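Heads up, the thing below is written out as structure tokens.
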Amino acid sequence: MDSSPYAGAVAIYSLTRDRLEYTKACFASLQEKAGLPFFHHIVVDNGSEDGTAEWLRMVYKPTNPDQIHIIPLDRNYGISDRKSTRLNSSHIP
């Protein structure tokens, strides 16, 4: 049996672009349903321009900084590039 503190942890990957109100509702639900601290949330922000990136960095990440990882992109790279970015950038122990 694995005695790691991450045993049984789930990694959740989210892609976001703008739509701050939907992002807030979605992530609040994830925190409620997933049962922190047993999940890691990797968020790829695809160049949001409506305050989503700032909210992720200033409000969401501080709620659990060891388990929430934000990958900000400078523009909208499209779905295939975002999938590649999130997978290549994940660094969960």
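Under the condition of being within 11 Å of the chain's Cα centre (by Cα) and modelled with pLDDT under 85, which residue from the range 33-49 is nearest to A9 (Cα to Cα)?
Step one: list which residues in the range 33-49 are within 11 Å of the chain's Cα centre (by Cα), which gives 39-45.
Then keep just the ones that are modelled with pLDDT under 85; that gives 39-41.
Details: F39: 5, H40: 7, H41: 11 Å.
Among them, the one singled out is F39.
Could you please find all residues in the range 1-32 being of a type in the set (D, E), at pLDDT below 85 and either under 15 Å from the mean Cα position of the chain (by Cα) or under 15 Å from Y60 (Cα atoms) (or both)?
Matches in the range 1-32: E32 only.
Return the residues of the range 43-77 that are among the basic types (K, R) and touching an Asp or Glu at 6+ places or on another chain (Cβ under 7 Å); say none if nothing qualifies.
none
Please go through the range 50-90 and give me each residue that is open to solvent by 60 Å² or more (accessible area, probe 1.4 Å), in contact with a helix residue (DSSP H, G or I) (Cβ under 8 Å, 6 or more places away or on another chain), outside any helix (DSSP H, G or I) and at pLDDT below 85, ordered by number.
Scanning the range 50-90 gives a single hit, Y77.
The values are calculated or read from the model by the stated rules, or taken from the named source; none is laboratory data. Note that the structure is predicted; figures quoted are calculated from it, not measured. Reconstructed Cβ throughout: ideal geometry from the backbone, glycine too, with neighbour counts over all protein chains shown. For the accessible areas, the whole protein counts, side chains as well, though only heavy atoms, and no ligand, DNA or RNA atoms are used. Shrake-Rupley method; radii C 1.70, N 1.55, O 1.52, S 1.80 Å.
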